[in-house]
1. Touching a Leu at 6+ places or on another chain (Cβ under 8 Å) and in a strand (DSSP E or B): which single residue out of Leu367, Leu401, Leu340 fits that description?
2. I'd like the residue in the stretch 208-252 that is open to solvent by 80 Å² or more (accessible area, probe 1.4 Å) and within 15 Å of the chain's Cα centre (by Cα) and, out of all such residues, is nearest to Ala137 (Cα to Cα).
3. Return yes or no: is Ile328 β-branched (Val, Ile, Thr), in a helix (DSSP H, G or I) and crowded, with 17+ Cβ neighbours inside 10 Å?
4. Considering only residues that are charged (D, E, K, R) and within 20 Å of Ser155 (Cβ to Cβ), which ones fall in the stretch 203-225?
5. For the stretch 265-309, how many residues are in a helix (DSSP H, G or I), out of contact with any helix residue (DSSP H, G or I) (no Cβ under 7 Å at 6 or more places or on another chain) and closer than 30 Å to Ala430 by Cα?
6. For the stretch 332-385, what are the residues that are over 24 Å from Lys525 (Cα atoms), among the aliphatic types (A, V, I, L, M) and modelled with pLDDT of 90 or more?
7. Can you work out which of the residues in the stretch 408-422 that are open to solvent by less than 10 Å² (accessible area, probe 1.4 Å) and under 14 Å from Gln377 (Cα atoms) is modelled with the highest pLDDT?
Amino acid sequence: MAIPAAEIVILQGKLEITAANDAFRRACLNDSGSRAMLLADLADRIEPFLATDRKSIEFSLQLGDSIDARYFQATLTRSSEDGAETCVLMLVDQTAQRHTERSLRREMTTDSLTGLPNRQGFGDLIEAVMATGQRHAVLVVDIHRFGRLNACMGSLVGDELLITVARRLKGALRSRDSIGRTGGNEFGILMMIDGGEDEAHLLAERIDRALREPFRLTDYEVNVEASVGIAFSEGPNGEAEEMIRHAQFAVKLAKTAGHAEVYHPQAFIIARTQFAMETALRRAIEQDELHLAYQPICDLSSGKTVAFEALARWRDLSGVDHSPVDFIPVAEESGLIVPLGRWAVNKALKRLAEWDRAAGGDCGVRLSVNVSAIQLQRDDIPAMIAQALAGTGMTGDRLTLELTESAIAGDAERVTAIMQAMKTLGTTIAMDDFGTGYSSLAYLQKLPIDVLKIDRSFVSGMLADRDKIAIVRAILGLAQALGMKTTAEGIETVELGQTLAALGCTYGQGFYYSRPLEPDAAWAKIAAQA
């Protein structure tokens, strides 16, 4: 872009032109009226300038309205000729430069596909509203499974869908609301709040209705699902990007809840705490900070300890104990449950091998290890078990794997194949927390399950609750009919143990028999009954 020549004019008295260069003369020929107006506008600047001792000043000038405006960079310099004080004015026309900058800015802040503001442009809109003090809300709309659709049907279909979604969303808005594309399959909406927060919820409902109808594209008909997260302005000191992030965080909650969710700071604090725990847990797994405790499982007919359930425990380097209730859900959500589960199996089998060596042979107990539903989905469990058995020299019949009902019900056919492979290794399969999930008798009889574990919620207080006794009787009867053994969890009194034994329950565990033990205490218990 060519740099325009500077227009220079020498002024004396009340804007009396005494000399000018060719650039200024040409401008006057082309646009004399504008130059006259410009010089008239300078009167309020020149007189105060001459009244000071300053030698020069620089400032920007705008001539005309916002549509046809011209922009100048002006410099005033004091000069004296023949004792008369004059002022030298230099003007540089920056109109073309301004237009170019605006064009580039527009390109930088506009999504090329939909023509909507992109994330940066959408942020600019939010900042402009923040400056006015108007209460507002930001909604983020996340289109589900867009990546899969893009991969299956091609990017052209995906682009067509995004353009059509943008049109529908725009149609759901009021005239004073704005929309932008803040991500690949994500749109942001800026709405003014005139009354209460229910306005945002009503908009979320309109969005849901707008997207519910099938999208008829060039070659396909596509159904779209979306989640909506809402963040409300919190005062004049907020930041645009922060509001967008808050709405995106609410989207994650909305995907779980199945309806629009509002960002609450407390939820973010909890999430941040969980992220900090995830980071610490990852380090703890890598540095072998965790250990296993072992809770005895007893034969109810003899009272003898026949197995131990291996339970993960975590004491960090600062000496703080973290409850499994807190860190196991974090491990499952983050995927750390896979390395954690592998560690537990290997650690438990190594411990069992140590006890065997101390006993001079089979020490007489099995070990039971929990397998998470997430690990069942993401890990090759049979291969992992086979490798752990080979690495420790143990046989599969010494290991029981506990799976929850939810893990089994999620994908019965796949889980059945995995369980069959584990049975080939000789392992025992137990269904944990039976009665609290969604077991179907139609597939329960087909699964190679050896043990049903009766959840503690049915066992605790059973003697004073006829309904609980009826449920336990039913589970025991079902297990007997299917040729399965049973383990009752949460036995805390001798009366409970005796009653369950009388009802035909095979095994029991709970605080009456023992709390989870450290390895040395568990070995002492084994040695004492040898």
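The values are calculated or read from the model by the stated rules, or taken from the named source; none is laboratory data. Quick caveat, the model's predicted, so the values are computed rather than measured. Cβ coordinates were reconstructed from backbone atoms using ideal geometry, including for glycine residues, and neighbour counts include every protein chain displayed. Surface areas here come from the heavy atoms of the whole protein model, side chains and all, with no ligands, DNA or RNA. Shrake-Rupley method; radii C 1.70, N 1.55, O 1.52, S 1.80 Å.
1. None of the other options fit; the residue is Leu367.
2. The extreme case among them is Arg245.
3. Spelling it out, Ile328 is indeed β-branched (Val, Ile, Thr), in a helix (DSSP H, G or I) and crowded, with 17+ Cβ neighbours inside 10 Å.
4. Passing the criteria: Arg216, Asp219, Glu221.
5. 3
6. Passing the criteria: Leu336, Ile337, Val338, Leu340, Val371, Ile381, Ala383, Met384, Ile385.
7. Of everything passing the filter in the stretch 408-422, Met419 is modelled with the highest pLDDT.
Table: residues versus (1) closer than 30 Å to Ile381 by Cβ; (2) assigned to a strand (DSSP E or B).
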site: Asp432; (1), (2): yes, yes
site: Lys446; (1), (2): yes, no
site: Ser457; (1), (2): yes, no
site: Gly477; (1), (2): no, no
site: Gly483; (1), (2): yes, no
site: Thr487; (1), (2): yes, yes
site: Ala522; (1), (2): yes, no
